[in-house]
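The values are calculated or read from the model by the stated rules, or taken from the named source; none is laboratory data. Since this is a predicted model, take the numbers as computed values, not measurements. Ideal geometry is used to build each Cβ from the backbone, glycine not excepted, and the neighbour counts take in all protein chains shown.
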Amino acid sequence: MRIGIVSQDFYPARGGVSENALNSALELQRRGHDVTVITSRYTPFDNNRGLDVRRIGKNIALPGRNGAFVNITIGWQLANHLRAVEREARFEVVQIHSPLEPVLPMIAARTLRAPLVGTFHTYVEGKQRVFWYDRFHRRFEQYFARLKARTVVSTAALSFINSYFPGAYDIVPNGVDVHRFSPQGKPMERYSRDAFNVVFVGRMDPRKGIKYLLRAFPEVYRRVPTARLIVVGGGILHPYYQRYLPDVFRPRVDFVGYVSAEDLPRYCATADVVVAPATGGESFGIVLVEALASGKALVASDIPGYKTVVEHERDALLVPPRDSLALADAIVRLYEDPALRQRIASRGLETAQLYAWERVVDKLEAVFERVVSRE
């Protein structure tokens, strides 16, 4: 098939949507499909990982409604660029990530003529409403009606989008490269093995909960004198969050910033425990399956999006969000009980296999084939 993938989030931007768009494209290409990715121009620029990537417009990052910075593609000629790419590529089907989000996805949903598959990633907590979905519902319904098929990455994402736009959805989850992330991963040499390494991976957005982990670390260190915290990820709030860590503990905390795609699995391999303390707004949590695939014990927040992936006391320890003491207790518990740590890691490894990209793309490919066969 000649497949187009439209995503505002793509490398070098980091996050769940970027990972999904990149890895599904690579797997589809490996299967012999002709894949073209349409995304934004980013600065600094990253390589295209062997894919045909068309970069149009310009990316800006703005604060989002759910405690995360969001990427928006802007430009006066987006529709013309999309038409030009489609004329050249002659798409049989186009997947649009977050098709009801401005700007590039909505323009693509209005402009492209090939059959469209929309993939929905967003989850918003509880009874919070999205103003523009309510205020301009009829207009959004016009875009929604253009989608020949709709997929969601989790039951949490399904519950959110289905409350605004009821319909038939296929659950096609995010995935993990079980070859890059595996128990055989090579740890970073600069971290000695005489420490108990606690690793956080994620953007320093408010919803990722890093401040609660930094507040928890003094208690962890009091009870585990060999504890070391490794913070992988960055963002414009990086200096702000560092203030949550008292100076006396800074020698035991390493803020490494963003790391390369090649090094990220090595940081997971370095961990004794991976911690995901998000406060909410997560529809899935790719960092969870990366930790599980690496064979690491996991501590994560007890939030709906994460509970679509892991189960408390089976393949993770789940703690209430925003509770630094509970976070510290869970980390220390895994330190004090190596058998529990190993049991959770082993079961997590089994869970990770369910999200291998090969399995995930089987489902996505079936959706594409169904749509194309109807045309």
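Using beta carbons and a limit of 7 Å, which pairs, at least six apart or on different chains, have the first residue in segment 196-217 and polar (S, T, N, Q) and the second one buried (at least 23 other Cβ atoms within 10 Å of the Cβ)?
Asn197/Thr270; Asn197/Ala271
Considering every residue within segment 40-54, establish whether at least one is buried (at least 21 other Cβ atoms within 10 Å of the Cβ), closer than 26 Å to Glu290 by Cβ and in the same structural domain as Val360 (by TED's automatic domain parsing).
Yes - at least one qualifying residue is present in segment 40-54.
Go through segment 95-113 and report how many residues are closer than 13 Å to Val37 by Cβ and small (Gly, Ala, Ser).
1
Can you give me the ranges of the helices (runs of 4 or more DSSP H) entirely in segment 260-375 with at least 3 residues that are more than 17 Å from the chain's Cα centre (by Cα) and within 23 Å of Glu27 (Cβ to Cβ)?
Result: 338-353, 357-374.
Given the residues Phe144, Phe181, Phe160, Phe165, which is the only one that is under 27 Å from Gly280 (Cα atoms) and in contact with a Leu (Cβ under 7 Å, 6 or more places away or on another chain)?
One residue alone meets the criteria, Phe144.
For segment 290-340, how many residues are under 13 Å from Val273 (Cα atoms), buried (at least 24 other Cβ atoms within 10 Å of the Cβ) and of a type in the set (Ser, Thr, Tyr)?
Adding up the residues that qualify gives 1.
Can you pull out the residues in segment 193-220 that are crowded, with 21+ Cβ neighbours inside 10 Å and over 19 Å from the mean Cα position of the chain (by Cα)?
Asn197, Val198, Lys211, Tyr212, Leu213, Leu214, Ala216, Phe217, Val220
Among all residue pairs at least 6 apart or on different chains, which show Cβ distances below 6 Å where the first residue, located in segment 232-244, is more than 9 Å from Gly257 (Cβ to Cβ) and the second is part of a helix (DSSP H, G or I)?
Qualifying pairs under 6 Å: Tyr241/Ile210; Tyr241/Lys211; Tyr244/Lys211; Tyr244/Leu214; Tyr244/Arg215.
Please work out which one of (1) closer than 27 Å to Arg207 by Cα; (2) touching a Phe, Trp or Tyr at 6+ places or on another chain (Cβ under 7 Å); (3) at pLDDT 95 or above is the condition Val93 fails and give its number.
Of everything listed in (1) closer than 27 Å to Arg207 by Cα; (2) touching a Phe, Trp or Tyr at 6+ places or on another chain (Cβ under 7 Å); (3) at pLDDT 95 or above, Val93 misses just condition (1).
Hey, could you check segment 74-120 for residues that are assigned to a loop (DSSP other than H, G, I, E, B) and of a type in the set (D, E, K, R) and say which is surrounded by the most Cβ atoms within 10 Å (Cβ to Cβ)?
Among those that are assigned to a loop (DSSP other than H, G, I, E, B) and of a type in the set (D, E, K, R), it is Glu101.
When you scan segment 162-198, how many residues do you find that are part of a loop (DSSP other than H, G, I, E, B) and aromatic (Phe, Trp, Tyr)?
Total satisfying the criteria: 4.
I'd like the full set of residues that are crowded, with 18+ Cβ neighbours inside 10 Å and either polar (S, T, N, Q) or closer than 28 Å to Asn23 by Cα (or both), limited to segment 130-143.
Tyr143
So in segment 239-259, with the set limited to residues that are surrounded by fewer than 16 Cβ atoms within 10 Å (Cβ to Cβ) and within 19 Å of the chain's Cα centre (by Cα), which one is farthest from Glu219 (Cα to Cα)?
Only one residue tops the list, namely Tyr258.
Report the residue count in segment 17-54 for those that are over 21 Å from the mean Cα position of the chain (by Cα) and among the basic types (Lys, Arg).
3
List, please: which pairs have Cβ atoms under 6 Å, are six or more places apart or on different chains, and start with a residue in segment 18-33 that is over 17 Å from Ala261 (Cβ atoms) and modelled with pLDDT under 95 and end with one that is surrounded by 21 or more Cβ atoms within 10 Å (Cβ to Cβ) and not β-branched (Val, Ile, Thr)?
Sorted first by the residue in segment 18-33, then by its partner, the list stays empty.
How many residues, within segment 77-102, are within 28 Å of Val124 (Cβ to Cβ) and either free of Cβ contacts under 8 Å to residues at least 40 places away in the same chain or not assigned by TED's automatic domain parsing to the domain that holds Leu158 (or both)?
Qualifying residue count for the region: 2.
Being buried (at least 21 other Cβ atoms within 10 Å of the Cβ) and of a type in the set (Val, Ile, Thr) is the filter here; which residues of segment 144-161 pass it?
Across segment 144-161, the qualifying residues are Thr151, Val152, Val153, Ile161.
If I ask for residues that are polar (S, T, N, Q) and out of contact with any Asp or Glu (no Cβ under 8 Å at 6 or more places or on another chain), which ones from segment 149-184 would you list?
Ser154, Thr155, Ser159, Asn162, Ser163, Ser182, Gln184
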